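J.: Please find one structure pasted underneath; my questions will follow.
The values are calculated or read from the model by the stated rules, or taken from the named source; none is laboratory data. No experiment lies behind these values; they were computed from the predicted model shown. Glycine gets a Cβ as well: all are built from the backbone with ideal geometry, and neighbour counts include every protein chain shown.
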Amino acid sequence: MTATGLAGALPAAAQTPAAALRPPARMSAVGGDRLGAGGVQVDPLPDAPSLPGDLSALSWIVSDSGSGEVLAAKNAHWQLPPASTLKTLFADTVLPRFRAGATHRVSDSDLAGMGEGSSQVGVVAGQTYTVSQLWLGVFLRSGNDAVHVLAAMNGGVPATVADMQAQARALGADDTHVVTPDGYDEPGQVSSAYDLSLFARDGLKNPEFAAYCSTAVAEFPGGPSTKGRPFEIQNTDRLLSGIDGVSHYDGLIGVKNGYTTNAGNTLVVAAKRDGRTILVTVMNPRSEHYDAVYTEARQLLDWGFAADGRVRPVGSLDAVVPAAHLAAHVGAGKKSGVGPLAAASGASGGPGALRWTEAGAAVLLAAVGGVVLTARRRRRG
């Protein structure tokens, strides 16, 4: 998803020479005071591995998704353009509101308002899609067309933006300001590595979210250009799909990648090994290497698995959200007949929270009907 012509409109790192980039002197301390400080934050024990020495990203964070402990971070609360990684918040907000097997006939108005040059999966007006097919388009191909259709089902783009903002606040994600549901560059649209990690962690508690974001290959309904024949779509997260010279990362669950002119490359990934899930968010690597965002995420995942239990946490993803603060926002979502904010107790990890299992996720999507998933990983680098 590429956007141009917005230079100067956002605090976009891509506009500024690397030597001139500086995080704000004071940033949010949600999750711990050290996370509000600039620069690298890590507290190693004597046997801890060293952090990778060649990380160029403006901001990154490594956390244990299970415990919520932040193992290390750099400029975790720096507000930067998120690109399509903001779709994780869109999914947290909207995905629980519609049954996977529900159908929707797309109208021209559903597809109106997409930014110029938006990434699209190939949704066609006049054609009927299942909700699960639309979500595959969102997660695998970062399809802004699929996002806009789901937003239309949710009451429209403005209502969905308001719902997303409320969901962010309910999760304690105070760095995030939502302008579009798809992450397309717009003035004032920002998030942070910390907030994006909150969104991913919250999403992975929902088995549907986990199943969609971990799908490497699927079939998508065809339209006139394919004479109605379904076509294959691959996940643009190359650490998951193992394509275009990037090797698949063992144990990767996935989550979401993104790119815009102002955001540069952004990536949120999670991987599971030996019962532990490490979550990494990388925002805007400054390296000129084509695959820098994947290289640096891979290095941080490796470090996270090696360092878990061998560093003192520098913060927590368990952002404290007072009950009154949550109550002020839970009334935002009321378009679909599902509880506001998709039953906020479950969405925030309470007793109603959904837990992901590989078998359960596979059964869930297989039951949708007509969606073909495969474990194939093609063209490994």
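J.: Return the residue satisfying two criteria in turn: it lies in the range 261-285 and is under 19 Å from Pro82 (Cα atoms) and modelled with pLDDT under 95, and of such residues it is surrounded by the most Cβ atoms within 10 Å (Cβ to Cβ).
T.: We begin by selecting, within the range 261-285, every residue under 19 Å from Pro82 (Cα atoms); these are 261-270, 279-285.
So of that shortlist, the ones also modelled with pLDDT under 95 come out as 261-262.
Working: Thr261: 20, Asn262: 27.
Top of the filtered list is Asn262.
J.: Ok, one more. Among the residues of the range 57-73, are any closer than 22 Å to Tyr259 by Cβ and part of a loop (DSSP other than H, G, I, E, B)?
T.: No, because not a single residue in the range 57-73 is closer than 22 Å to Tyr259 by Cβ and part of a loop (DSSP other than H, G, I, E, B).
J.: Check off (1) out of contact with any Leu (no Cβ under 7 Å at 6 or more places or on another chain); (2) touching a residue at least 60 places away in the same chain (Cβ under 8 Å); (3) buried (at least 19 other Cβ atoms within 10 Å of the Cβ) for Ala306 and give me the number that stays unchecked.
T.: Here Ala306 meets the rest and fails (3).
J.: For the structure I just gave you, tell me whether Ala218 is more than 14 Å from the chain's Cα centre (by Cα) and either among the aliphatic types (A, V, I, L, M) or surrounded by fewer than 24 Cβ atoms within 10 Å (Cβ to Cβ) (or both).
T.: Numbers: more than 14 Å from the chain's Cα centre (by Cα): yes; either among the aliphatic types (A, V, I, L, M) or surrounded by fewer than 24 Cβ atoms within 10 Å (Cβ to Cβ) (or both): yes.
For Ala218, the condition - more than 14 Å from the chain's Cα centre (by Cα) and either among the aliphatic types (A, V, I, L, M) or surrounded by fewer than 24 Cβ atoms within 10 Å (Cβ to Cβ) (or both) - is met.
J.: Then there's this: Of all residues being in contact with a helix residue (DSSP H, G or I) (Cβ under 6 Å, 6 or more places away or on another chain) and either of a type in the set (Ser, Thr, Tyr) or more than 14 Å from Val149 (Cα to Cα) (or both) in the range 84-96, which is surrounded by the fewest Cβ atoms within 10 Å (Cβ to Cβ)? Just the residue, please.
T.: Result: Pro96.
J.: Moving on to the next point. If we only count helices (runs of 4 or more DSSP H) wholly inside the range 118-179, which ones have 1 or more residues that are among the hydroxyl-bearing types (Ser, Thr, Tyr), at negative phi and buried (at least 20 other Cβ atoms within 10 Å of the Cβ)? If you could, list the steps in order and put the result at the bottom.
T.: Numbers: elements: 131-141, 144-153, 157-170.
Hits in the range 118-179: 131-141, 157-170.
J.: Still on this model: Within the range 25-41, track down each residue that is part of a strand (DSSP E or B) and either modelled with pLDDT under 95 or surrounded by fewer than 19 Cβ atoms within 10 Å (Cβ to Cβ) (or both).
T.: Once the filter is applied, which keeps residues that are part of a strand (DSSP E or B) and either modelled with pLDDT under 95 or surrounded by fewer than 19 Cβ atoms within 10 Å (Cβ to Cβ) (or both), the range 25-41 yields only Val40.
J.: Applying the selection to the range 323-333, what residues are part of a helix (DSSP H, G or I), over 23 Å from the mean Cα position of the chain (by Cα) and either at pLDDT 85 or above or aliphatic (A, V, I, L, M) (or both)?
T.: Ala323, Ala324, Ala327
J.: Restricting to the range 304-322, count the residues that are farther than 18 Å from Ala200 by Cβ and either in contact with a helix residue (DSSP H, G or I) (Cβ under 8 Å, 6 or more places away or on another chain) or not in a loop (DSSP other than H, G, I, E, B) (or both).
T.: 5
J.: Could you please let me know if Gly258 is touching a residue at least 12 places away in the same chain (Cβ under 8 Å), within 17 Å of Val280 (Cβ to Cβ) and crowded, with 23+ Cβ neighbours inside 10 Å?
T.: yes
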